[in-house]
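Down below is the structure, laid out as structure tokens.
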Amino acid sequence: MQYSMDFDPTIYQFENVQSFGLANLGQSNFNVSNAGNGELALTWFDPSTSGVTLQDNNVIFEVCFTALCSPSGNYSFNFSGTPVAVEVTNSGGQNVPTQFQSGNLQIIGETIPPTPACINSYIVEINTVINASDFDNGSFDNCSTNVDFSFSGNINDNSISFSCNQLGLN
């Protein structure tokens with residue numbers, strides 16, 4: 001049995017394969033040298049040449065990933081014939097029709113928090129509107145091109161003004 005598996009390497013970083021459910025199936029059956037480009041390959045041979053039948057929902061192996069930067073959503077994990085052709089044979093060496101079901105990888109919430117960088121002092125004139133973004137000193141978000149600034153946990157709390165009533169340290 002042999003085939004390829006494809007995933008988006010900008011969404012997930014391959015970590016390892018585990019939970020092997022076939023005799024003589026292990027790490028050495030997986031070509032992970034191109035995992036950085038989103039390609040994995042499996043080659044496995046039944047040493048008894050008698051064939052193996054598994055019940056539905058048996059785990060043959062698990063592929064483990066770490067989510068990189070991406071918004072919440074579902075992302076595909078596909079079985080394919082590129083670069084390694086799909087080949088499943090019976091004990092007589094004849095090809096067996098094979099149907100794979102691609103999977104979904106789901107991310108819920110942002111995986112890497114933004115990195116704040118703020119100035120630590122600011123001189124303000126009375127009756128001037130100050131925006132939270134005025135305190136930015138190179139903040140960035142690995143998962144988005146936009147960084148929102150606010151004075152509190154409320155994202156709409158993004159500006160403030162001072163009058164004579166607030167003189168002093170604030």
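Computed from the coordinates by the stated procedures, all read-outs in this text should not be read as laboratory data. The structure presented is a predicted model; accordingly, all values stated were derived computationally and were not measured. Every residue, glycine among them, receives a Cβ derived from its backbone with ideal geometry; neighbour counts consider all protein chains shown.
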- [ ] Using only alpha carbon positions, build the gyration tensor of the chain, then give the equivalent ellipsoid semi-axes as the square roots of 5 times its eigenvalues, largest first, whole angstrom.
- [x] 57, 13, 12
- [ ] Select from Asn34, Asn16, Asn156 the residue whose mean-square fluctuation is largest in a Gaussian network model of the chain (Cα-Cα springs shorter than 10 Å).
- [x] Asn156
TODO: Along Cα→Cβ, 7 Å out, is where each label goes; now give me the distance between the ones at Leu54 and Asp134 in nm to one decimal.
DONE: 6.2 nm
Open item on the list: Using the Cα centre of the chain as the reference point, and only Cβ charges (+1 on K/R, -1 on D/E), how large is the resulting charge dipole? Debye, rounded to the nearest 20.
Closed with: 280 debye
Task: Label-to-label distance, nm, for residues given as Asn165 and Gln18 (7 Å Cα→Cβ offset) - done: 5.9 nm
Task: Approximate spin-label separation Asp8-Val96, in nm, with each point projected 7 Å along Cα-to-Cβ - done: 3.3 nm
Task: Label point at Phe151 placed 7 Å out along Cα→Cβ; residues across the stretch 111-133 whose backbone nitrogen lies under 14 Å - done: 122-133
